[in-house]
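**Q** Just dropping this structure here.
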């Protein structure tokens with residue numbers, strides 16, 4: 001019947017309007033999602049760039065630190081360590097706090113013969129908050145192959161060595177011989193530590 005036709009047209013228009021609104025909402029949701037993805041991607045890219053920049057800065061500091069030792073440049077060497085820096089040597093007695101390490105090292109630097117470490121391999125790590133850097137490295141030294149590892153801290157707007165551990169790399173097949181060589185010394189040192197106030201706490 002003729003009088004029903006306008007009603008049918010009105011219902012069809014209403015359905016079309018609903019579809020238009022639905023499509024618009026979906027389109028806006030898609031835009032929002034793509035925008036979030038883009039922002040996330042930018043953040044990730046920024047983090048990667050910052051991590052690369054920090055790694056490069058750390059690399060520069062570590063190389064300059066080793067170079068200063070090879071040139072017996074006392075001031076440059078300790079300027080690249082933090083004021084509370086610590087150096088752990090290869091000997092079990094060598095836990096050098098900053099001032100003590102300076103006193104120990106000064107005579108070697110004064111003669112123009114400190115030590116020469118040539119990096120052969122290095123891994124640098126940056127934490128998520130990008131306020132701590134740590135690293136490990138394989139070194140060619142006057143003691144043969146050594147392993148070094150350290151932690152770096154931002155001080156005076158520069159990444160510096162805060163804690164460094166040096167150890168002589170011993171091949172697994174030579175371990176038994178090395179243990180035998182230092183057995184007597186280790187025994188005496190262990191006894192001394194056992195009697196110390198620190199070990200009794």
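**Q** The range 56-126 to the range 162-198: how many Å between their Cα centroids?
**A** 22
**Q** I need 94, 137 ordered by Cβ neighbour count within 10 Å, fewest first.
**A** 94, 137
**Q** Ok, one more. Going by C-beta contacts inside 10 Å, put 60, 176 in order with the fewest on the left.
**A** Ascending number of Cβ neighbours within 10 Å: 176, 60.
**Q** Beta carbons within 10 angstrom, averaged per residue: use that to sort the peptides 74-81, 51-58, highest first.
**A** Descending mean neighbour count gives 74-81, 51-58.
**Q** Sort 157, 73 so the one with the fewest other Cβ atoms within 10 Å of its own Cβ comes first.
**A** Exposure proxy ranking, most exposed first: 157, 73.
**Q** Cα gyration tensor of the range 142-201, axes a ≥ b ≥ c as square roots of the eigenvalues: rounded (a/c below 1.5), prolate (a/b > b/c) or oblate?
**A** oblate
Read the figures in this text as sums done on the coordinates, not as results from a lab. Treat the numbers as computed from the prediction; the structure is a model and nothing was measured. FYI the Cβ positions are ideal-geometry reconstructions off the backbone, even for glycines, and counts take in every protein chain you see.
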